[in-house]
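Q: Would you mind keeping the following structure in view while I ask a few things?
The values are calculated or read from the model by the stated rules, or taken from the named source; none is laboratory data. Predicted, not measured: the structure shown is a model, and the values here were computed from it. Positions of Cβ are generated from backbone atoms using ideal geometry, with glycine treated the same way; all protein chains shown enter the neighbour counts. Just so you know, the surface numbers come from the protein's heavy atoms only, side chains and all, with ligands and any DNA or RNA stripped out. Shrake-Rupley method; radii C 1.70, N 1.55, O 1.52, S 1.80 Å.
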Amino acid sequence: MKRRKWSAEEKMNIVMEGLKGEQSIAEICRQHNISQTLYYRWKDEFIQGGMAALSGKQRKTAKEDAAVQAKLDEYEQLIGKLTVKLSKLKKTFDI
């Protein structure tokens, strides 16, 4: 049997159905052909994500990630240059 990939929106809609309380969790899971364990895992992730958003702990944007990566690349180049200079100095002074 092939595994189904659920989009974030689909997961959210299924969890919201359960939170409304109009149907039992077992009925919702049967309708969507998922296990109750999977439903409760999605529900926990949904709630944790909401708590993180409300507490201000948001994920960095792609722009911030790119800036951090650029800074890391710059530092790696600097370390490389300093390593070469150190090696030359050691050879010069026979250390």
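Q: For the chain, what does the accessible surface come to per residue with a 1.4 Å probe? Please give it in Å².
A: It amounts to 89 Å² per residue over the chain.
Q: Tell me what the chain gives for mean residue ellipticity at 222 nm when only DSSP H runs of n ≥ 4 count, each as -39,500 (n - 2.57), the sum divided by the residue total, rounded to 500 deg cm²/dmol.
A: Details: 4 runs with 71 residues, N = 95.
It comes out at -25000 deg cm²/dmol, rounded to the nearest 500.
Q: With a cut-off of at most 16 other beta carbons within 10 Å, and DSSP calling the residue loop, which GluC sites (Glu not before Pro) in segment 1-72 qualify? Please list them.
A: Glu22
Q: Efficiency by 1/(1 + (r/R0)^6): what FRET value for Glu10 and Thr61, r their Cβ-Cβ distance, R0 = 22 Å, to the nearest 0.05?
A: The calculated FRET efficiency here is 0.35.
Q: Based on the Cβ-Cβ distance of Asp73 and Ala53, what FRET efficiency does E = 1/(1 + (r/R0)^6) give at R0 = 30 Å, to the nearest 0.05? Before the final figure, lay out each step's value.
A: Details: r = 31 Å, r/R0 = 1.02.
So, using R0 = 30 Å, E works out to roughly 0.45.
Q: Relative to the first principal axis of the alpha-carbon coordinates of the chain, what is the inclination of helix 62-92, with its axis defined by its Cα atoms, in degrees from 0 to 90 and to the nearest 10?
A: 30 degrees
Q: Now a separate question. Cα-based count: Lys pairs in the chain below 25 Å, eight or more positions apart or different chains?
A: 18
Q: At most 13 other Cβ atoms within 10 Å and a DSSP loop assignment: could you name the trypsin sites (Lys or Arg not before Pro) in segment 60-89 that fit?
A: For trypsin sites (Lys or Arg not before Pro) across segment 60-89 that sit outside H, G, I, E and B with at most 13 neighbouring Cβ atoms in 10 Å, the list reads Lys60.
Q: Could you work out how much longer the chain between Phe93 and Arg41 gets when fully extended? Use 0.36 nm per residue separation minus the Cα distance between them, nm to one decimal.
A: Details: separation 52, 0.36 × 52 = 18.72 nm, distance 6.28 nm.
Answer, rounded to one decimal: 12.4 nm.
Q: Then there's this: Which of the trypsin sites (Lys or Arg not before Pro) found in segment 1-51 are loop residues per DSSP with 16 or fewer other Cβ atoms within 10 Å of their Cβ?
A: Those that pass, being in a loop and sparsely packed, are Lys2, Arg3, Arg4, Lys5.
Q: Helix 36-54 against the longest principal axis of the chain: what's the angle in degrees, Cα atoms only, rounded to the nearest 10?
A: Orientation of helix 36-54: about 60 degrees from the principal axis.
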